[in-house]
Structures are given as C-alpha cells and as structure tokens.
Amino acid sequence: MSLLAWIVVGIVAGIIAKSAVPGEGPGGILGDLIVGVVGAVVGGWLFNLFGHGGASGINLYSIVVAVIGAIVLLAIVRAVSGRAPA
C-alpha cells in the first residue's frame, strides 16, 4: 500500500478511534490522528500475526484493520500518559 493510502486510512482510523476511546490524548486531536496513522501499521501487524491479511488499500477492510490497531495503540498511549478519561 502506498504511503498516501496509509496516511488517509490512518487519519480516518484516528478519527474513529478518538471517538471510541474515552479521554483526551497527550497530543490533542493532531496527536490522536498521528496515533491513527501508526495504529494502521499496528493493526496490519496484529492481523498478520493472527493469520489474516493486513491493510491492503483504501477500502472498508483496511479501515477496520486500521481502526482496531488505532484503538489498541490509543488505549495504550492514554494508559501510559496517565490521562484520566473525560
């Protein structure tokens, strides 16, 4: 998948993950979107680890994979940063 596709899918995943995980991230909205982009990579890695395909382009499956990765990563970042849920 191209870098631009990862960024687009990651931003969409970051927006969805931000609404799914309570609280405010350490970087605000921009930080959550960056976590979404990194979460797309994490989601692809997690799905490959469990024997499924990772993100493969701008499609619904890739967005689901990226959202799951972003939620996992965002929950970890918020737990480590010590921010209380809002």
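The values are calculated or read from the model by the stated rules, or taken from the named source; none is laboratory data. For clarity, every value in this text was computed on a predicted model and none was experimentally measured. Cβ placement follows ideal geometry from the backbone for every residue including glycine, while neighbour counts extend to all protein chains displayed.
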*Considering each residue of region 56-77, count those that are in contact (Cβ under 8 Å) with a residue 24 or more places away in the chain and over 8 Å from the mean Cα position of the chain (by Cα), and give that number.*
8
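When you check G36 against the structure, is it at pLDDT below 80 and on the phi > 0 side of the Ramachandran plot, yes or no? Working first, answer last.
Numbers: at pLDDT below 80: yes; on the phi > 0 side of the Ramachandran plot: no.
Against the criterion (at pLDDT below 80 and on the phi > 0 side of the Ramachandran plot), G36 does not qualify.
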*Could you figure out which of (1) buried (at least 20 other Cβ atoms within 10 Å of the Cβ); (2) at pLDDT below 80 isn't true of A13?*
(2)
